[in-house]
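Peer 1: Pasting in a structure now, in structure tokens, and then I'll have a few things to ask.
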Amino acid sequence: MITPFENKVWLSSPTMHGEELTYVTEAYETNWMSTVGKNINEVEKAIAKKVGVTYGVALSSGTASLHLAMKLAGESIYGQPETGKGALFNRKVFCSDLTFAATVNPVVYEGGIPVYIDTEYDTWNMDPAALEKAFEIYPDVKIIVLVHLYGTPAKIDEIRAIADAHGAVIVEDAAESLGAFYKGKQTGSFGEYGCISFNGNKIITGSSGGMFLTDSREDAEKVRKWSTQSREAAAWYQHEEVGYNYRMSNVIAGVVRGQIPHLEEHIAQKKAIYMRYKEGLKNLPVQMNPYDKKNSEPNFWLSCLLIDREAMCKQVRGEQEALYISEAGKSCPTEILEAIAGINAEGRPIWKPMHMQPIFRMNPFITREGNGRARSNAYIEGGCVDTGMDIFERGLCLPSDNKMTEEQQDRIIEVIKRCFE
């Protein structure tokens with residue numbers, strides 16, 4: 001029996017260093033506790049410079065950034081709505097399928113219809129071949145929401161080329177991938193609009209918060225205005241359009257400001273965790289979450305594994321519960337996650353694809369073969385028609401906290417090995 005940890009090993013928890021408290025205290029002592037202040041200004045400049053864009057707008061969350069990016073994209077393409085409904089109302093938007101709901105909910109906020117694009121195995125991100133097929137079916141779509149899953153860059157060149165060929169803009173969800181590079185450029189700088197999250201479990205954190213990124217001064221000013229209730233430049237409170245309470249507070253910005261110098265340190269720690277898992281699990285019938293070693297360098301936010309198909313024991317998942325039958329030499333995500341939890345460590349399933357979510361089951365879903373709703377989920381030619389579902393069924397996220405010790409990680413690896421005995 002492996003002894004449980006006295007203190008829980010988390011999936012990915014905040015790592016504080018001390019500078020954060022200095023800047024938060026500065027906000028307190030100078031009485032700049034609202035949505036203006038030096039911390040906000042410095043964070044906007046620092047993140048924009050680090051990512052390689054001209055402007056950053058500090059917001060209350062990554063979701064707020066995605067929402068205003070969708071609003072901006074819709075209005076820039078379709079114009080200001082005259083009906084009181086969003087510019088995206090009843091218009092389709094191509095979205096990464098294997099992601100968290102926060103990526104796609106903003107499309108719905110603006111009245112749009114997400115069309116889910118299947119995943120590819122090389123990076124677990126949007127499949128360019130499926131995206132091209134989607135444009136064959138829906139040639140009028142002009143917005144693509146692209147995610148870099150678990151900190152791994154997508155096939156950006158291929159997706160950018162397809163977007164350009166069809167006159168589409170890219171809203172880049174880099175919530176999980178701050179500090180990740182593709183061909184020498186950081187994620188968040190490739191789309192017309194980039195979005196970052198500083199949620200408590202991200203590579204650096206403010207406990208909450210997000211950032212909108214752009215090279216357009218006009219777009220940055222629009223987002224800044226919308227995020228402060230769309231107040232006009234008048235001595236009184238004058239409003240000519242709908243606004244939102246989305247601005248980051250100077251207190252939260254103080255935490256982010258203190259975290260920024262430690263981004264590369266956190267990435268190095270996360271990479272070391274990924275490599276130790278890869279080495280420790282190399283003799284098992286599993287693979288680590290992949291990335292393009294030639295063109296990209298992830299931030300290794302979460303280490304994940306994918307069980308080989310022939311090594312999967314029987315597993316059935318309902319909407320909220322899962323069952324499995326233990327088999328010698330085989331395992332499944334549910335069994336491994338239960339075993340990890342048994343020693344007081346936190347793992348979790350891979351994101352359940354959006355096209356499988358009850359709320360989105362009527363939305364279009366496109367694979368490289370065409371309409372994914374019209375096809376079975378059977379395996380063909382050594383692969384699954386529905387790649388995102390396959391990764392969800394066989395994959396899991398491992399404890400990836402950068403405060404986890406090597407001894408703790410060794411015990412987690414041993415627990416995983418025992419699941420395959």
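Taken together, the values in this text are just the output of simple stated rules run on the coordinates, not laboratory data. Remember, it's a predicted structure, so these values are computed and weren't measured experimentally. Using ideal geometry, Cβ is built from the backbone for each residue, glycine included, and neighbour counts are taken over all protein chains shown.
Peer 1: About the Cα centre, and with charges only on the beta carbon of Lys, Arg (+1) and Asp, Glu (-1), how big is the dipole of the stretch 275-409? Nearest 20 debye, please. If you can, show how the numbers build up before the last one.
Peer 2: On the way: 17 positive and 19 negative charges, 76 e Å.
In debye, rounded to 20, the stretch 275-409 gives about 360.
Peer 1: What residue among I267, I307, M404 has its Cα farthest toward the positive end of the dipole of the stretch 263-419, where the charges are +1 on Lys, Arg and -1 on Asp, Glu, each on the Cβ?
Peer 2: Towards the positive end, the residue furthest out is I307.
Peer 1: Now for a separate question. Quick check on the chain: of the DSSP beta bridges with both residues there, what percent are antiparallel, nearest 5%? Present the calculation step by step, with values, prior to reporting the outcome.
Peer 2: Details: 33 of 54 bridges.
In the chain, approximately 60 percent of DSSP beta bridges are antiparallel ones.
Peer 1: Give the lysines whose C-alpha is closer than 25 Å to that of K85, dropping any in the same chain fewer than 8 places away, or say none.
Peer 2: Candidates past the 8-residue exclusion: K71, K142, K222, K225.
Peer 1: Any lysines with Cα under 25 Å of the K183 Cα? List them, leaving off those in the same chain fewer than 8 positions away.
Peer 2: Within the straight-line limit of under 25 Å, K183 reaches these lysines: K45, K49, K50, K155, K202, K270, K271, K278, K293, K294.
Peer 1: How big is the charge dipole of the chain about its Cα centre, in debye rounded to the nearest 20, if each Lys and Arg gets +1 on its Cβ and each Asp and Glu gets -1 on its Cβ? Mind dumping the intermediate values first?
Peer 2: Details: 45 positive and 56 negative charges, 29 e Å.
Computed about the Cα centre, the dipole is about 140 debye.
Peer 1: A further question on this structure: Let me have the 222 nm mean residue ellipticity of the chain computed from DSSP H runs of 4+ only, each contributing -39500 (n - 2.57), with the sum over all residues rounded to the nearest 500. Don't jump to the answer; show the numbers that get you there.
Peer 2: Values: 12 runs with 137 residues, N = 421.
Computed ellipticity for the chain at 222 nm equals -10000 deg cm²/dmol.
Peer 1: Peptides 301-309, 92-100: what's the order by average Cβ count within 10 Å, highest mean first? Don't skip to the answer; put the middle values down first.
Peer 2: On the way: 301-309: 22.1, 92-100: 27.1.
Highest-to-lowest ranking by the protection proxy: 92-100, 301-309.
Peer 1: So if R0 is 51 Å, what FRET efficiency would E327 and Y78 give, r being the distance between their Cβ atoms, rounded to the nearest 0.05?
Peer 2: On the way: r = 54 Å, r/R0 = 1.05.
Efficiency, from the Cβ-Cβ distance: 0.45.
Peer 1: Still on this structure: Please report the relative contact order for the chain, taking Cα pairs under 8 Å with a sequence separation of at least 6, and give it as a percent rounded to a whole number. Can you show the working numbers first?
Peer 2: On the way: 937 pairs, mean separation 98.3, N = 421.
Dividing the mean separation by the residue count of the chain yields 23 percent.
Peer 1: Still on this structure, please answer the following. By per-residue mean of other Cβ atoms within 10 Å, what is the highest-first order of 5-18, 119-132?
Peer 2: Values: 5-18: 15.4, 119-132: 22.8.
Ranked by mean Cβ neighbours within 10 Å, highest first: 119-132, 5-18.
Peer 1: Where is the GNM fluctuation largest for the chain (alpha-carbon springs, 10 angstrom cutoff): A175, A73, A161?
Peer 2: A161
Peer 1: For the stretch 19-261, calculate the relative contact order in percent as a whole number, restricting contacts to Cα pairs under 8 Å that are 6 or more residues apart.
Peer 2: On the way: 540 pairs, mean separation 69.7, N = 243.
After rounding, I find 29 percent.
Peer 1: Something else now. State the extension gain, in nm to one decimal, for the chain segment bounded by E264 and D157, taking 0.36 nm per residue of separation less the distance between their alpha-carbons.
Peer 2: Numbers: separation 107, 0.36 × 107 = 38.52 nm, distance 2.47 nm.
The E264-D157 span can extend by a further 36.1 nm.
Peer 1: Still on this model: Can you give me the distance in nm between label points at S34 and R361, each placed 7 Å from the Cα along the Cα-to-Cβ direction?
Peer 2: For S34 paired with R361, the spin-label model returns 4.8 nm.
Peer 1: Return the percentage of antiparallel bridges among DSSP beta bridges fully within the stretch 85-188, rounded to the nearest 5 %.
Peer 2: Working: 3 of 15 bridges.
Counting only bridges with both partners in the stretch 85-188, antiparallel ones make up about 20 percent.
Peer 1: At a 10 angstrom cut-off on C-beta neighbours, averaged per residue, how do the peptides 143-149, 333-339, 111-117, 21-27 rank from highest to lowest? Mind showing how you got there, number by number?
Peer 2: On the way: 143-149: 28.3, 333-339: 20.0, 111-117: 24.0, 21-27: 17.1.
Going by the mean number of other Cβ atoms within 10 Å, highest first, we get 143-149, 111-117, 333-339, 21-27.
Peer 1: Now a separate question. Which residue, chosen from C332, T30, T3, occupies the Cα position most advanced towards the positive end of the dipole of the chain, where the dipole is computed from +1 (Lys, Arg) and -1 (Asp, Glu) charges on Cβ about the Cα centre?
Peer 2: T30
Peer 1: Of V51, P128, S227, which is farthest towards the positive pole of the stretch 19-261's charge dipole, taken about the Cα centre with +1 and -1 on the beta-carbons of Lys, Arg and Asp, Glu respectively?
Peer 2: After comparing all options, I get S227.
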